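First up is the structure itself, then whatever we jot down about it.
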Amino acid sequence: MTSSVHPPLTILEEFLLLALDDAAGQFYSLARSTLDCASAGAVLMDLTLRHRIDNDLKAMFVVDSTPTDDNLLDPVLQLMGLAPVIMPRPITEWLRQLADEGEALREKALRRLESRGILKREDKKILWVFGTRRYPILHDKEMREVKLRILGVILRDDIPEPHDIMLTALAQACGLFRHILSGHELAQATPRIEQVSRMDLIGQAVAKAVTEIEAAIAMASGFR
């Protein structure tokens, strides 16, 4: 029995597949700031799953600085390892700092999905200038598997795996389910989605950050 050539997808890679409209080859309409918070949260979730960081109600901290050998996660682990132990920082503060690198994190994750032959990148030129970027799915096995797994989480009452709890909480924090489910399906599934999302502190922090950013943007728009 041979092992897989590729490691399992990270939470960020799976989140991007959930956020991708397969028919259009483009991401669902989510604010850039929302995607940045989600990208930061996803990396923190993966480091938590790999037992490199931990958190309580007040702070998030490194518990094992051993590299994961994952070029998406290790730079963040190294950065967090530089934080003074005597000055623990809350999840929200790490989210804000890492969200500044959100686009770079997504770019790295997308290139990895591209290298695995899951999707490809297409740039459409308009008057010799890049106009739109699409990400057509080449092999939808991974996308279907992620969506079916998350649908299973929100349609059943079983206790989900920690990885799926985190991914569900992340999708909920970003309002992604309104793009994935019909209005009727969402109304029925919302109590379960909220129940699962409450199981993860990082997902709750992402939701809080997204809400605060949206409120700040709305307030700024009102003063224009």
In segment 163-180, what residues are at pLDDT 95 or above and in a loop (DSSP other than H, G, I, E, B)?
-> none
Only one of Glu93, Glu13 that is crowded, with 21+ Cβ neighbours inside 10 Å, charged (D, E, K, R) and closer than 22 Å to Met199 by Cα = Glu13
Positions within segment 94-117 being over 13 Å from the mean Cα position of the chain (by Cα), under 16 Å from Ala207 (Cβ atoms) and not aromatic (Phe, Trp, Tyr), in sequence order = Arg96
Only one of Asp56, Asp74, Asp69 is exposed (fewer than 14 other Cβ atoms within 10 Å of the Cβ), without any contact (Cβ under 8 Å) to a residue 40 or more places away in the chain and more than 16 Å from Gly203 (Cα to Cα), namely Asp69
Would you point out the residue of segment 146-156, among those that are more than 15 Å from Leu119 (Cα to Cα) and within 19 Å of the chain's Cα centre (by Cα), that is surrounded by the fewest Cβ atoms within 10 Å (Cβ to Cβ)?
-> Leu148
Across segment 163-180, which residue is most open to solvent (accessible area, probe 1.4 Å) among those that are over 10 Å from the mean Cα position of the chain (by Cα) and not aliphatic (A, V, I, L, M)?
-> Arg178
Mind listing whichever residues of segment 77-88 are touching a residue at least 24 places away in the same chain (Cβ under 8 Å) and outside any loop (DSSP other than H, G, I, E, B)?
-> Leu77, Met80
Restricting attention to segment 149-186, the residues that are within 18 Å of Leu16 (Cα to Cα), touching a residue at least 60 places away in the same chain (Cβ under 8 Å) and not small (Gly, Ala, Ser) number exactly 9
Could we say that Ile159 is closer than 24 Å to Ser39 by Cα and more than 16 Å from the chain's Cα centre (by Cα) here?
-> no
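Yes/no matrix, rows are residues, columns are (1) closer than 27 Å to Val63 by Cα; (2) at pLDDT 90 or above:
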residue	(1), (2)
Gln78	yes, yes
Ile86	yes, no
Leu98	yes, yes
Gly102	yes, yes
Leu110	no, yes
Arg121	no, no
Tyr135	no, no
Every residue from segment 181-219 that is part of a helix (DSSP H, G or I), hydroxyl-bearing (Ser, Thr, Tyr) and either modelled with pLDDT of 90 or more or open to solvent by less than 60 Å² (accessible area, probe 1.4 Å) (or both) = Thr190, Ser197
In the list Ser29, Ser33, Ser65, which residue meets the criterion of being among the small types (Gly, Ala, Ser) and in a helix (DSSP H, G or I)?
-> Ser33
With respect to the numbered conditions (1) under 15 Å from the mean Cα position of the chain (by Cα); (2) over 20 Å from Arg111 (Cα atoms), which one is the sole condition not fulfilled by Pro84?
-> (1)
Can you run down the residue pairs with Cβ atoms below 8 Å, 6 or more apart or on separate chains, where the first is in segment 89-114 and under 14 Å from Gly41 (Cα atoms) and touching a residue at least 60 places away in the same chain (Cβ under 8 Å) and the partner is among the aliphatic types (A, V, I, L, M) and open to solvent by 40 Å² or more (accessible area, probe 1.4 Å)?
-> Ile91/Leu201
Return only the number of the condition from (1) without any contact (Cβ under 8 Å) to a residue 40 or more places away in the chain; (2) under 15 Å from Met166 (Cβ atoms); (3) out of contact with any strand residue (DSSP E or B) (no Cβ under 7 Å at 6 or more places or on another chain) that Ala40 does not satisfy.
-> (1)
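The values are calculated or read from the model by the stated rules, or taken from the named source; none is laboratory data. Nothing here was measured: the structure is a model prediction, and the numbers come from that model. Don't worry about glycine lacking a Cβ; one is built from the backbone with ideal geometry, like all the others, and counts go over all protein chains shown. Note: areas computed on protein heavy atoms with side chains; ligands, DNA, RNA excluded. Shrake-Rupley method; radii C 1.70, N 1.55, O 1.52, S 1.80 Å.
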